[in-house]
Amino acid sequence: MPATSKTSSTFKAAFIVVTSLFFIWGFITVMVDALIPRLKAVFELSYFEAGLVQFAFFTAYAVVSIPGGLLIARIGYKKGVIVGLLTMGVGCLLFYPAASLRVFGIFLLALFVLAGGITTLQVAANPYVAALGPARTASSRLNLAQAFNSLGTTIAPLVAAAFLLGSAVLGSGEIAAMPEAERLTYYATEAAAVQGPFLVIAAVLLILTIAFAFFNLPKILETDEHQSGSYRRAVRFPHLMLGALGIFVYVGAEVTIGSYLVNYFLTLDVEALVAGSDFMRGLAETLSGGDLTALNPARLAGTFVVFYWGGAMVGRFIGAGLLQFIRPGLLLAVYGCVVIVLLGMTMASSGLVALWTVLAIGLFNSIMFPTIFTLAIDGLGEHTAQGSGILCTAIVGGAVIPPLYGALADQFGLQWAFVLPAVCYLYIVFYGARGAAMGREGTDTLAPQEALA
């Protein structure tokens, strides 16, 4: 077999294996979210305490990403993935004592450790996938891998609903009204409902770690030459630092829109929209299993959010194809412009137009994270691990921008507050059109095929 053919087949096998990790961390992330109502019952959380869940998760990106980059630069990408998987497993196991002891602090620690493992996995896997082939198609590869991440986030709620959330979760008033013995029995049952799934996930992660350890990954970023990078030098790349800001505003805008969709749809009177349209009624019946009478307005609005996140999954598969022949920066800028137009339409309209234009944003969000990521790390060479750490740190935008949007919404309403994410997408247009090319003179794009030679 010719050397180029052997290299190509090796890269394809490695891509399949590493892409499976994208699916896994997407699946586990949403499974954790799906179990929050049950955990809220176990811990008797206030709404403020429940809000700490997202804070603990996104804080892990801010705290772990840069140390993760340093670790990977020292031990390599394959071992970095193994560390990430093992850390996720430890986080899952910590849910067991958290549920047994009903100590919310241990639960937050478990969530932080789990998110820290996912962060390490992202720091290692994102640049590795980008390097598995020619630089010109790096964005296409990472979009395809991220599409399987979105597939995991789409499937997980269905699995959780079918196997983990079958029994009703009681409200705090119902629990308080129980006799003491019955209440203790209920807490024990709820704890078991939390513990079992996480033990299964921990076992799966252990099996995957062992399997991954024995898989022979090509060392495309791990020659001696590429182990000497530093953060001090990495931050001197303008296209990297501008890309980090792009990741910050993108994740913040994406999470902001997704988090407030239900509230926004309620202001649009989603009940009237469904009642007044045979198409919307049929769609809602399909998504909810056919019983609309069992849905309160919030749950009815929530059934349509699947189009926002599902659109991102579909868009990534489409984007992986488009990026084979369209320059990544150009497509990123075009998609950013489309999202700004969609935000303008939803702000200036009402009813079904306002609803579907904001949902359509998910389709065009699709390519943004992986495309910004690959543009930002392109040409970093020995500083790739550090660059990945900086970019993953910027994911903390998901913890910063949503509260700012909320403050604007308190003053001007949810609809007009969309000005904030529109400004975020305006920056993304700049980065795709100009920012990704700034300061690129003198940088060398890593050629993975040469690293294997």
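One table, with the values for the structure above:
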quantity: Ordering of 114-126, 246-258, 198-210 by packing [mean C-beta count within 10 Å, highest first]; calculated: 114-126, 246-258, 198-210
quantity: Net charge of Cβ neighbours under 13 Å - reference Q386; Lys, Arg +1; Asp, Glu -1; calculated: +3
quantity: L359, L21 arranged by Cβ crowding within 10 Å, fewest neighbours leading; calculated: L359, L21
quantity: Nearest-0.05 FRET efficiency for A203 and V423, computed from C-beta distance (R0 30 Å); calculated: 0.10
quantity: Packing-based exposure ordering (other Cβ within 10 Å, fewest first) of Y231, Y335; calculated: Y231, Y335
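Every number in this text was worked out from the coordinates using simple rules, so none of it is lab data. All values reported here derive from a predicted model rather than from experimental measurement. A quick note on method: Cβ atoms are made from the backbone with ideal geometry, for glycine too, and the neighbour counts reach across all protein chains shown.
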